[in-house]
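First comes the structure, then the notes that go with it.
The values are calculated or read from the model by the stated rules, or taken from the named source; none is laboratory data. Everything numeric here is computed off the predicted structure, so don't read it as measured data. Quick reminder, even Gly has a Cβ in these numbers, built from the backbone with ideal geometry, and neighbours come from all protein chains shown.
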Amino acid sequence: MGWNGARSGQVAEGDFRLFSDKMRQEGLPEQVIEQFRSYYRTLLDSRRTVGQVPEEEIRPVSEEDVPAQKDLSQEHERIGRDHLRQTVMIKVNGGLGTSMGMPHAKSLLTARPGYTFLDVIRLQARIRDIPLLLMDSFHTQQDVARYWEEQGVPPEERPRSFVQHKFPRLDQNLGPVSCPDRPGLEWNPPGHGDVFAALATSGCLDELLEQGKRYAFVSNSDNLGAAVDPGILGYMVQKGYFFLMEVAERYPRDKKGGHLALSPDGRFLLREIAQCPEDDLKKFQDVERHRFFNTNNIWIDLRRLKAFIQENGLPQLPLIVNPKTLDPRDESTPRVLQLETAMGAAIATFPDTSALRISRDRFMPVKKTNDLLAVRSDCFVLDASYKLTPNPQRELPPIYIELDGRYYGKVDAFEARFPSGPPSLFACESLSLSGDLLFQENVRCAGRVEVVNTSSHQQVVPAGTELSGQVVLG
């Protein structure tokens, strides 16, 4: 939920030097310090609800408001192919996968046999012959560099990376957090909305423009369905957009994700759940009312981004105030606040922005081990362009998987229970696992499958087993 602003007696704006000195000591650029100052001022404004977007200030988006990818033409495809040489792929690669108990970059997880997420992304860029850039965070930068070293990838073949900035975390008095024993906990990545600022201050934006690059496709590294699509690129070029967001139809399981909406003057905006007042939560989660969500697949005109920054400074995106615990892995530690932004929110900040409805096969992120099991299974294939796609021979709707978090929620525990890889899910509509189960090789699931271990001991699903319906073990 959002946070309701500062009160009298808390840190005054004149004390911003506590933050600016701290940020300068970390070597953060003056532009970023000024950007943070602006967000901090917004936080201190007690006259309104900070960072919230009430339902009464927006209206839902209909199909008529958003063109569809399926209606793009061969001409769009041709234009896009003609502009591939001007295009770069940027992957947001700052996530650690803490929700899955991972201490390192999530993109280093195995996605398919023999390939990490990072390997697949690199191959996607190579086959299109377009440059790949990674936006790492201060958490993931060393992980990725170490991985290339271990894999023997020569420096000249490694993707260029730039590092997301960091913002000071705030204590309950709205001062900078102090944690001398673990100084890393004093900082937070400022959200993927930082991609525009980090591109500019790292020098990457100028380098790309000097190399003749004009268009960037930005997406999350855990979404292997998100590859450069010439048809969408051609549509972007033909329309002359500064910024284009790919959106998809919301299903009930998407009810917590940010949705597209319209402002009173008809401009698109993005509302995240952290910006939704508690009284409006039911409407926020109504997928029939707010039908389209942001996939975080974004297209941006780099030339216009450069001009915008020259004229206006670094983009000031709608603020998200995110309450956290000091140690994300320890709920007993003190509460802190993080100032963040979402890159999709730029749809309301930049001129000439729009959205495009895409098919769901461009949105297959891995947020939980449920998703990881599906992505690794025979429900999906890597096509000739290394894009992860639904298995074309499978005629069932997307599979629904529910795993018992006690035994499968963390990656290490998950891997230990599928030592030979996932069972075959090709003929499976849904899979629910409850209790501690160990899957041996060549297990096949068909239809709606529910396996329940009623005992307090791990039960084995033997090699070659065919599962269907409800199966009770123990």
Open item on the list: For segment 350-364, give me the residue count where each residue is buried (at least 21 other Cβ atoms within 10 Å of the Cβ) and in a helix (DSSP H, G or I).
Closed with: 1
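Output the residue which, of all residues in segment 346-388 that are of a type in the set (D, E) and out of contact with any Gly (no Cβ under 9 Å at 6 or more places or on another chain), is modelled with the lowest pLDDT.
Here is the first cut: in segment 346-388, the residues of a type in the set (D, E) are 352, 361, 371, 378, 383.
Next cut, out of contact with any Gly (no Cβ under 9 Å at 6 or more places or on another chain) only: 371, 378, 383.
Values: D371: 96, D378: 97, D383: 93.
So the residue we want is D383.
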- [ ] Might you let me know whether segment 391-403 holds any residue that is surrounded by 14 or more Cβ atoms within 10 Å (Cβ to Cβ), among the polar types (S, T, N, Q) and at pLDDT below 95?
- [x] no
TODO: Could you tell me whether segment 428-446 includes any residue that is in contact with a Pro (Cβ under 8 Å, 6 or more places away or on another chain), farther than 30 Å from P230 by Cα and of a type in the set (F, W, Y)?
DONE: yes
Task: Out of S434, S377, S456, sole residue that is surrounded by fewer than 16 Cβ atoms within 10 Å (Cβ to Cβ) and either of a type outside the set (K, R) or touching a strand residue (DSSP E or B) at 6+ places or on another chain (Cβ under 9 Å) (or both) - done: S456
Open item on the list: Need pairs with beta-carbon distance below 8 Å; first residue in contact (Cβ under 8 Å) with a residue 24 or more places away in the chain and within segment 219-232, second part of a helix (DSSP H, G or I) and among the acidic types (D, E); sequence gap 6+ or separate chains.
Closed with: G225/D361; P230/E77; G231/E77
Task: Close pairs from segment 394-421: first outside the structural domain of A463 (by TED's automatic domain parsing), partner not hydrophobic (A, V, I, L, M, F, W, C), Cβ under 6 Å, at least 6 apart - done: none
Task: Residues being touching a helix residue (DSSP H, G or I) at 6+ places or on another chain (Cβ under 8 Å) and part of a loop (DSSP other than H, G, I, E, B) - total across segment 431-457 - done: 2
Open item on the list: Criterion first (surrounded by 19 or more Cβ atoms within 10 Å (Cβ to Cβ) and under 16 Å from E340 (Cα atoms)) does A227 satisfy it?
Closed with: no
Open item on the list: Looking at I232 and the list (1) more than 19 Å from I121 (Cα to Cα); (2) within 21 Å of the chain's Cα centre (by Cα), which single condition is not satisfied?
Closed with: (1)
- [ ] Could you please give the count of residues in segment 337-349 that are assigned to a loop (DSSP other than H, G, I, E, B) and not small (G, A, S)?
- [x] 2
Open item on the list: Looking only at segment 74-124, count every residue that is among the hydroxyl-bearing types (S, T, Y) and crowded, with 18+ Cβ neighbours inside 10 Å and tell me the total.
Closed with: 3
TODO: Run Q338 past the list (1) surrounded by fewer than 19 Cβ atoms within 10 Å (Cβ to Cβ); (2) farther than 30 Å from P390 by Cβ and report the number of the one that doesn't hold.
DONE: (1)
Task: Of residues in segment 50-108 being touching a strand residue (DSSP E or B) at 6+ places or on another chain (Cβ under 7 Å) and of a type in the set (S, T, Y), the one farthest from H165 (Cα to Cα) - done: T87
TODO: Spot the failing condition for S161; the list is (1) touching a residue at least 24 places away in the same chain (Cβ under 8 Å); (2) not in a strand (DSSP E or B), and only one is missed.
DONE: (2)
Open item on the list: Within segment 103-110, does at least one residue satisfy the condition of being under 29 Å from P230 (Cα atoms) and assigned to a strand (DSSP E or B)?
Closed with: yes
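Any residue that is among the charged types (D, E, K, R), assigned to a helix (DSSP H, G or I), modelled with pLDDT of 95 or more and in contact with a strand residue (DSSP E or B) (Cβ under 9 Å, 6 or more places away or on another chain) - is there at least one of those in segment 213-231? Give the derivation first.
Going through segment 213-231, the residues among the charged types (D, E, K, R) turn out to be 213-214, 222, 229.
Filter again for assigned to a helix (DSSP H, G or I), leaving none.
No, every residue in segment 213-231 fails to be among the charged types (D, E, K, R), assigned to a helix (DSSP H, G or I), modelled with pLDDT of 95 or more and in contact with a strand residue (DSSP E or B) (Cβ under 9 Å, 6 or more places away or on another chain).
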Open item on the list: Looking at F138 and the list (1) closer than 25 Å to S385 by Cβ; (2) in contact (Cβ under 8 Å) with a residue 24 or more places away in the chain; (3) aromatic (F, W, Y), which single condition is not satisfied?
Closed with: (1)
- [ ] Among the residues of segment 416-431, write down those that are surrounded by 15 or more Cβ atoms within 10 Å (Cβ to Cβ) and either among the basic types (K, R) or within 15 Å of V460 (Cα to Cα) (or both).
- [x] R417, F418, G421, P422, P423
Task: The one condition in (1) in contact (Cβ under 8 Å) with a residue 12 or more places away in the chain; (2) within 20 Å of R360 (Cα to Cα); (3) not small (G, A, S) that E57 fails to fulfil - done: (2)
TODO: Kindly indicate which of D136, D143, D119 is under 21 Å from V411 (Cβ atoms) and touching a His at 6+ places or on another chain (Cβ under 7 Å).
DONE: D143
